[in-house]
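Following this message is one structure expressed as structure tokens.
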Amino acid sequence: MHKVLVSDPIDQVGIDILSQVAQVDVQTSLSGEDLIRIIPDYDALMIRSGTRVTKEIIEAASQLKIIGRAGVGVDNVDVPAATRKGIVVVNSPEGNTIAAAEHAVA
């Protein structure tokens, strides 16, 4: 079974969906050193804006296949380093459109 690390808070619905196809570990507020230490065990990493995925973290990721960013942009991920290692980086740019519309109306 694939292992997914969720390193930033995400809605429980998202964790439940991931849990249908993978073992999901939620560990938020990790330091960069902590992430370097544990990332070799994971196939996927789910982040938001709190986790910065550096070249050093990517180099330590021996089996990582994908980094998923829940939100707009991937400016907190070293995309060139991930690309060189064959790790796909994706985001969900329309994930917060309802919240943005609600804030505009309020």
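The values are calculated or read from the model by the stated rules, or taken from the named source; none is laboratory data. The model shown is predicted, which means the values in this text are computed figures rather than measured ones. All Cβ positions, even for glycine, are placed from backbone atoms using ideal geometry, and neighbour counts span all protein chains on display.
Going by the conditions given, is Ile67 under 15 Å from Ser7 (Cα atoms), modelled with pLDDT of 95 or more, touching a strand residue (DSSP E or B) at 6+ places or on another chain (Cβ under 7 Å) and of a type in the set (Val, Ile, Thr)? Write out each step before concluding.
On the way: under 15 Å from Ser7 (Cα atoms): yes; modelled with pLDDT of 95 or more: yes; touching a strand residue (DSSP E or B) at 6+ places or on another chain (Cβ under 7 Å): yes; of a type in the set (Val, Ile, Thr): yes.
So Ile67 passes the test.
Which residues, taken from the stretch 52-83, are of a type in the set (Gly, Ala, Ser) and free of Cβ contacts under 8 Å to residues at least 40 places away in the same chain? Give the derivation first.
Just the residues of the stretch 52-83 that are of a type in the set (Gly, Ala, Ser), to begin with: 60-62, 68, 70-71, 73, 81-82.
Ala60, Ala61, Ser62, Gly68, Gly71, Gly73, Ala81, Ala82, listed by residue number.
Another one. Of everything in the stretch 23-49, what is modelled with pLDDT of 95 or more, surrounded by fewer than 17 Cβ atoms within 10 Å (Cβ to Cβ) and not in a helix (DSSP H, G or I)? Give them in sequence order.
Gln23, Asp25, Val26, Gln27, Thr28, Ser31, Asp43
Being β-branched (Val, Ile, Thr) and either assigned to a loop (DSSP other than H, G, I, E, B) or touching a Pro at 6+ places or on another chain (Cβ under 7 Å) (or both) is the filter here, so list the residues in the stretch 65-80 that pass it. Let's see the steps before the verdict.
The first filter runs over the stretch 65-80 and keeps only residues β-branched (Val, Ile, Thr), leaving 66-67, 72, 74, 77, 79.
Those that are β-branched (Val, Ile, Thr) and either assigned to a loop (DSSP other than H, G, I, E, B) or touching a Pro at 6+ places or on another chain (Cβ under 7 Å) (or both): Val72, Val74.
Can you find a residue that is of a type outside the set (A, V, I, L, M, F, W, C), modelled with pLDDT of 95 or more and part of a loop (DSSP other than H, G, I, E, B) anywhere in the stretch 87-105?
Of all residues in the stretch 87-105, those of a type outside the set (A, V, I, L, M, F, W, C) come to 91-97, 102-103.
From what's left, modelled with pLDDT of 95 or more: none.
So far as the stretch 87-105 goes, no, none of its residues is of a type outside the set (A, V, I, L, M, F, W, C), modelled with pLDDT of 95 or more and part of a loop (DSSP other than H, G, I, E, B).
Taking the stretch 6-22 as the search range and keeping residues that are assigned to a loop (DSSP other than H, G, I, E, B) and touching a Ser or Thr at 6+ places or on another chain (Cβ under 8 Å), which one is surrounded by the most Cβ atoms within 10 Å (Cβ to Cβ)? Reasoning before the result, please.
The first filter runs over the stretch 6-22 and keeps only residues assigned to a loop (DSSP other than H, G, I, E, B), leaving 7-11, 20-21.
Still in the running and touching a Ser or Thr at 6+ places or on another chain (Cβ under 8 Å): 7-9.
On the way: Ser7: 24, Asp8: 20, Pro9: 13.
The residue in question is Ser7.
Determine the pairs where a residue that is free of Cβ contacts under 8 Å to residues at least 60 places away in the same chain, located within the stretch 30-51, has a partner that is of a type in the set (D, E, K, R) and in a strand (DSSP E or B) with Cβ atoms under 6 Å apart, the partner being 6 or more residues away or on another chain.
Going by the 6 Å Cβ cut-off, the qualifying pairs are Tyr42/Lys3; Asp43/Lys3; Ile47/Arg69.
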